[in-house]
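Step one of this worksheet: look at the structure below.
The values are calculated or read from the model by the stated rules, or taken from the named source; none is laboratory data. Quantities reported herein were computed from a predicted structural model and do not represent experimental measurements. Cβ placement follows ideal geometry from the backbone for every residue including glycine, while neighbour counts extend to all protein chains displayed.
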Amino acid sequence: MIDESIFKDKKVAFHTLGCKLNFAETTTIGKMLLEHGFRKAGRDEVADVCVINTCSVTEVADRKDRQAIKQMITKHPGAYIIVTGCYAQLQPEAVAKIEGVDLVLGAQDKFDIIRHLDNLEKKEEAQVCHTKRSEITTFSPSCTRGDRTRYWLKVQDGCDNFCSYCTVPIARGKSRNGTIAETIAQAEAAAREGAKEIVISGVNIGDFGKTTGETFLDLIRALDGVEGIERYRISSIEPDLLTDEIIEFTARSKRFLPHFHIPLQSGCDEVLRLMKRHYERSLFADKIRKVKALMPDAFIGVDVIVGTNGETEDYFNASYEFLQSLDVTQLHVFSYSERPNTQALKIEGRVRPEEKKRRSELLHALSEEKRLAFYRSQVGKTAHVLWEEKRTAGLMHGFSENYLVVERPYDKALVNCVTEVVLGELNEDGSAMTIKN
């Protein structure tokens, strides 16, 4: 039995890498530690305990993880070092070998962190708490703000798809979720804290209900009725799980916003088959047409991977032309990175690094062209902007319902408020819309 009195006033520092879900989960872990007597270390304080929440989506991410761990060890000499997240789940022994690491927590154990803490004394060898994918069964709900105005509501975790390039199903386990009632309680608590906008997040949110016999459509209908929450955004949702009913409901709702993030990964059917995706590009195009028919001003972000094994130049060109034809707003472009234990390693036809870079640059340029065209199409229209707290060069920024970045002179009274504005021209660097006086 641990004497929790030893935790009182121990200073804890956090470092998070990777996706927004990781940031939300770090906040949840932080709340647990604070509730048991820890306090958050100040910016210039040396912490007693450090928690590093890692990502492992690419080889570059793994390298950044190792750098972050070593930097925290250097910055906080003598601190008890805890490493969790996807890198800790996928390569626990590699993490444990980093000199200075004391505790490695896999996906099943990170939300049970208190149970794994002992006297917080440094160890000669790291303790590893790790379970296989089949044993990752718990779901830990969270609704956290962190340092942002918007809240992130975690509704689902894990994935069962096993796309050929991806380690997420191994890192995060089977698809699972809490009940709608539990999720609604999280949203209601956020409303009581003053939340205006919630982003619905997870690993594969369209899969919601797999473990409870409910559906994602059931969930968003229930969330729509929570008093106090003015706006919801649906984060990344697979195209084959974005049903017409979900699109139609979003178009009718006053609270669900015209903003979608839909992973495509490739606009070439041959590459989609190599990736073991669950759709063809014709389905994706149908979803975009459906969204735009009902919500002409909707913001649509699209994930794309370039240079995956087997992507010939002709396949890339087909993908580029398809993306060029789509009425979407922005591309999130990733260069393929080989990951251990994935099926893509068996696919022939490696793409040279310099060719990956060329393809990536072409898609980034196409993305910027589409983004600027979308922003310019919104000039003179009325928007409702939720203003963020951060101040930059005397300006504050916020997001319109359709995810335009809007700027105005800083006014503290507007933080976490939604105001109606008329959109002006783009600012000098094209990063945000101005507002008309």
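Values for this structure:
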quantity	calculated
Whichever residue in segment 175-208 is of a type in the set (K, R) and crowded, with 18+ Cβ neighbours inside 10 Å and, among such residues, is nearest to the chain's Cα centre (by Cα)	R176
Subset of segment 313-342 [polar (S, T, N, Q), within 24 Å of the chain's Cα centre (by Cα) and closer than 30 Å to Y87 by Cβ]	Q330, S335, S337, N341, T342
Helices (runs of 4 or more DSSP H) enclosed by segment 44-126 - at least 1 residues per element that are under 25 Å from the mean Cα position of the chain (by Cα) and either β-branched (V, I, T) or surrounded by fewer than 14 Cβ atoms within 10 Å (Cβ to Cβ) (or both)	59-75, 92-96, 113-116
Failed condition for P296, given (1) touching a Phe, Trp or Tyr at 6+ places or on another chain (Cβ under 9 Å); (2) under 30 Å from L423 (Cα atoms); (3) part of a loop (DSSP other than H, G, I, E, B)	(1)
Within segment 264-279, tally of residues that are charged (D, E, K, R) and closer than 17 Å to Q324 by Cα	1
Selection count where residues are in contact with an Asp or Glu (Cβ under 9 Å, 6 or more places away or on another chain), farther than 15 Å from S266 by Cα and in contact (Cβ under 8 Å) with a residue 60 or more places away in the chain, scope segment 338-370	2
Filtered residues of segment 331-348 (kept if assigned to a loop (DSSP other than H, G, I, E, B), within 16 Å of A171 (Cβ to Cβ) and either in contact with a Lys or Arg (Cβ under 8 Å, 6 or more places away or on another chain) or of a type outside the set (K, R) (or both))	S337, E338, P340, N341, T342
Unique residue being under 24 Å from the mean Cα position of the chain (by Cα) and either assigned by TED's automatic domain parsing to the domain that holds V60 or within 30 Å of E230 (Cα to Cα) (or both) when the list is L372, L363, L395	L372
Residues (outside any loop (DSSP other than H, G, I, E, B) and touching a strand residue (DSSP E or B) at 6+ places or on another chain (Cβ under 7 Å)) located in segment 391-408	L395, M396, H397, G398, F399, V405, V406, E407, R408
Qualifying positions in segment 145-189 - acidic (D, E) and more than 28 Å from Q91 (Cα to Cα)	D147, E182, E188
Options E388, E420, E407, E425: the member that is touching a residue at least 60 places away in the same chain (Cβ under 8 Å) and not assigned by TED's automatic domain parsing to the domain that holds Y232	E388
Residue among E355, E420, E348 that alone is more than 30 Å from N309 (Cβ to Cβ), modelled with pLDDT of 95 or more and not β-branched (V, I, T)	E420
Selected residue (criterion: modelled with the lowest pLDDT) from residues of segment 362-417 that are surrounded by 14 or more Cβ atoms within 10 Å (Cβ to Cβ) and polar (S, T, N, Q)	N416
Selected residue (only one of H278, H261 is part of a loop (DSSP other than H, G, I, E, B) and within 19 Å of C166 (Cβ to Cβ))	H278
Residue within segment 121-129 that is hydrophobic (A, V, I, L, M, F, W, C) and more than 29 Å from E338 (Cα to Cα) present	no
Subset of segment 287-330 [hydroxyl-bearing (S, T, Y) and buried (at least 19 other Cβ atoms within 10 Å of the Cβ)]	T308, Y315, S319, T329
Selection count where residues are aromatic (F, W, Y) and either more than 21 Å from I300 (Cα to Cα) or in contact with a Cys (Cβ under 7 Å, 6 or more places away or on another chain) (or both), scope segment 401-437	1
